[in-house]
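Please treat every number below as a calculation from the coordinates, not as lab data. Please read all numbers here as calculations on a predicted model, not as lab measurements. For neighbour counting, all protein chains shown are included, and Cβ atoms are generated from backbone atoms with ideal geometry for every residue, glycine included.
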Amino acid sequence: MAPVTRRTFLGSAAALGAALGLEAMPGSTPRAAAATTGTITDVKHVVVLMQENRSFDHYFGTLKGVRGFGDRATVQLSGGYSVFDQPNGSGRQYPWQMSTTAPAAGKTAEQIAQCDGSLDHSWSTQHSAWNGGKMDSWVSAKGTVRTMGYLNRSDVPFHYALADAYTICDAYHCSILSATGPNRTYLWSGWIDPAGTAGGPAYDGGDESGLKWQTYAEALQNAGVSWKVYQNAADNYGDNALAYFNQFSGASTSSPLYQKGMASVPAKTGSTPDDIAAAIAADAAAGTLPQVSWVVANQAFSEHPDCPPNDGAHFLNLVIQALAATPDVFNSTVLFINYDENDGFFDHVPPPAAPSGTASEFYSGTNIGLGFRVPMIIVSPWSRGGWVDSQVYDHTSVIRFLETWTAALGTPANCGNISAWRRQVCGDLTGAFDFANPVYGAPTLPSTSAVFGQANCDPLPNPSPTTNALPAQEAGTRPARALPYQPNAWVDHLEFDSGGKTLVWIRMANQGAQATSYAHYSIYANAYRSGGPWQYTVAPYSNGTDGTTMDYFNVGTSYGNGKYDLTCVGPNRFLRRFTGNTTAAGKTCEATTSYAAAPDTGKEALWVHMTNTGTSTVTFTITSTNYRTDGPWTYQVAAGQTVSDYFNAVAYQNGWYDFTVTVSSDSSWSRRVTGHIETGAASVSG
């Protein structure tokens, strides 16, 4: 189909806006709704709009209150470098803002930001960038420093305004370290068939055909839940994953699978985005909007890096306006806006990965995912207010939400394809909502009528950075949703033997009454040994017993001669760093952590327990690394004794803590403890 020109699109968009009466979006004044229950059953419609190829840091690394460029709990690269300071040949490169670079090939700064160009995002290069979890090979894997390019509020104002008005998920990952097709296959079916038993494995780009297992659309059909795909089948960029499956590609044109999953919206304007928005608006007005809808853009408005992100924003706005034209529909709808994968753009947070041997999570001996973080914004009355949700999610979480919702409605539609591990580690997105306190109506959002147009991107620029420093993240915080785990980790004990084998045992725990979901951990060796990171999945608190797991690290003659430097990372900026020397005085010292109420405030606090198993008194010092400006605090711990103290993180720092513990007897010994205390209530971002 011929591309939509700037003139054609602007004319048709104006006509649609006039027809719907939506030139100005309504305000955000709450109003009462009829027959609400304050539960998930108040949701009447779920709309899933998946765009193309943007990483979280690439779009939102500078957004205030999310885990972006200001993250202080990051993994360290070999040589002691920040994960943001990536190797670049013989040099290094931080993320750089594309629109501030010198014009390339005669292009303006705006053209550079809007037309940055796609990078390789195949199975091979995605895994190379990940590098087993080391996160240290972005430039070499992608073959260009453009992998480190990012956009900010001035470049994508609509996206930032949407995040400020609703809820953004900053631990939402694509499902697989690979390309568009496999990630969309996860969104529509929960699986890629890694063993090849049903037409797979659909693990890389080009695998998008001949699949035979059941899709989630079919599960909805069997459960009697109404559904539909809104698309132009001749202009959908190959992004309707149902077409990858034989039961859809070979369906009779009269069958429900074809009519709902393969057919096109009515062609009324000559513009695919306008036709899709008009079809949604018409169905909403007629009361025929299905319970579940998938929306598939065409290439020009998909936000693929070959296309302007602000044109994609206009498509998002058209869909929002189409729903808002019928207020009762808008006020009972959840719109999930997510992205299939990161293209080749950098993200700094290591994705959770399954431990070796986990069923359905490996292809040819290699981890399938999770993939890198991608944006997810949730537009609904129950997600208003500029929230951040830091629970771990992936594309299968959208299916999980639909499972939870349809079960609550009494018409359960279940997906049997999602792996047990993925169900343990990834949430069902219900944690992003407050169903008891909706805010109805649509907020005022920036205009998106000035479509940039693909013609302005031809030829695409090839910019290069002119700066090399860690970007500043916007100042400020945002309200944060409660999380269903309480991570903790500590050195459990040291083990010695006469053969020179010395082991540091690290225990990882998922503690506290709030721990209802599995927590994922990785342990990194910062120095003295290669290998890793090592992956762990820890069960939640159950029946009065904390879920724990433990592993050992050989620091003997072959691995540092007693020296060690290990970092354990987990969800929501959880980090523990352990340094020391098992041949030095610090081997008789330990500092462990726990969570319990403080005696003065009654609120949850971080407790630090300092133990000295040596023969002489040792001075422990606790220093605030972040969040507090007082201290340090010193403690005399006699031989054979333990001294404990607490820090009122919940009462005074919204649950956030970051301390470093040292001892007077050994300068090599330290314990850094950083994270957030969960109370089951909403909090504030760190």
Using a simple charge model, +1 on the beta-carbon of Lys and Arg, -1 on the beta-carbon of Asp and Glu, nothing else, what dipole does the chain show about its Cα centre, in debye to the nearest 20? 600 debye
On the formula 1/(1 + (r/R0)^6), with r taken between the Cβ atoms of VAL643 and PHE362 and R0 of 45 Å, the FRET efficiency rounded to 0.05 is 0.50
If the cut-off is a Cα-Cα distance under 25 Å, which lysines reach LYS107, setting aside same-chain residues fewer than 8 apart in sequence? LYS142
For the table LYS228/LYS268; LYS64/LYS603; LYS64/LYS268, the rows whose alpha-carbon distance is greater than 30 Å are LYS64/LYS268
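Where does the range 543-660 land on the Kirkwood hydrodynamic radius, alpha-carbon pairs, in angstrom?
Details: mean 1/r = 0.0617 Å⁻¹.
About 16.2 Å for the range 543-660.
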Sorted by average packing, counted as other Cβ atoms within 10 angstrom per residue and highest first, what order do 420-431, 471-482, 316-327 take? 316-327, 420-431, 471-482
Taking only the C-alpha atoms, wrap a convex hull around the range 427-526 and report its volume per residue in Å³ as a whole number. 312 Å³
What cysteines in the chain have no other cysteine with a beta carbon less than 4.7 Å from their beta carbon? CYS169, CYS174, CYS307, CYS415, CYS426, CYS568, CYS589
For the range 327-412, list log₁₀ I(q)/I(0) at each q in 0.17, 0.20 Å⁻¹, using the Debye formula over Cα point scatterers of equal strength and ignoring solvent, two decimals each. -0.92, -1.12
All other residues with a Cβ under 15 Å from the Cβ of GLY287 taken together, and with Lys, Arg as +1 and Asp, Glu as -1, what is their net charge? 0
Under a straight-distance cross-link criterion of Cα-Cα below 13 Å, which aspartates and glutamates are reachable from LYS587, leaving out those fewer than 8 residues away in the same chain? ASP492, GLU495, ASP666
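Report the extension gain between THR516 and ASN554 in nm, rounded to one decimal, defined as 0.36 nm multiplied by the number of residues separating them, less their alpha carbon distance.
Working: separation 38, 0.36 × 38 = 13.68 nm, distance 3.23 nm.
Net length gain for the segment: 10.5 nm.
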Please list the equivalent ellipsoid semi-axes of the range 259-402, computed as the square roots of five times the alpha-carbon gyration tensor eigenvalues, in descending order and whole angstrom. 31, 18, 16
Highest mean first, what order results for 611-624, 361-374, 201-214 on Cβ atoms within 10 Å? 361-374, 201-214, 611-624
Once whole DSSP H runs in the chain are found, which of them have Cα atoms spread over 15 Å or more along the helix axis and a mean Kyte-Doolittle score of at least -1.0? 6-20, 272-286, 309-324, 396-409
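Taking a quarter of the surface of the convex hull around the Cα atoms of the range 367-500, what do you get in nm²? Mind dumping the intermediate values first?
Details: hull surface 71.9 nm².
Its Cα hull, projected and averaged over all orientations, spans 18.0 nm².
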Mind ordering 119-130, 452-463 by average Cβ neighbours within 10 Å, highest first? 119-130, 452-463
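If you place +1 on the Cβ of every Lys and Arg, -1 on the Cβ of every Asp and Glu, and leave all else neutral, what size is the dipole of the range 345-422 about its Cα centre, to the nearest 20 Debye?
Details: 4 positive and 5 negative charges, 23 e Å.
Value, rounded to 20: 100 debye.
Whole-Å semi-axes of the range 536-587's equivalent ellipsoid, largest first, each the root of 5 times a Cα gyration tensor eigenvalue? It would help to have the intermediate numbers written out before the result.
On the way: eigenvalues 157, 33, 23 Å².
After diagonalising the Cα gyration tensor, the semi-axes are 28, 13, 11 Å.
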Go ahead and collect, in residue order, the members of the range 570-587 whose backbone nitrogen is under 18 Å from a label point 7 Å along the Cα-Cβ direction of SER82. 573-575
Using Cα pairs under 8 angstrom and six or more residues apart, how large is the relative contact order of the range 506-558, in percent? 43 percent
Give, rounded to the nearest 20 debye, the magnitude of the charge dipole that the range 451-547 has about its Cα centre when Lys and Arg contribute +1 at Cβ and Asp and Glu contribute -1 at Cβ. 80 debye
Got a sec? Charge dipole of the range 75-206, +1 on Cβ for Lys and Arg, -1 for Asp and Glu; which of CYS174, THR101, THR185 is way out at the positive end? THR101
Sticking with the crude label model, points 7 Å out along Cα→Cβ, report the distance from GLU110 to ASN414 in nm, one decimal please. 5.4 nm
Tell me the net charge near VAL265. Cut-off is 11 Å between Cβ atoms, VAL265 excluded, with +1 for each Lys or Arg and -1 for each Asp or Glu. -2
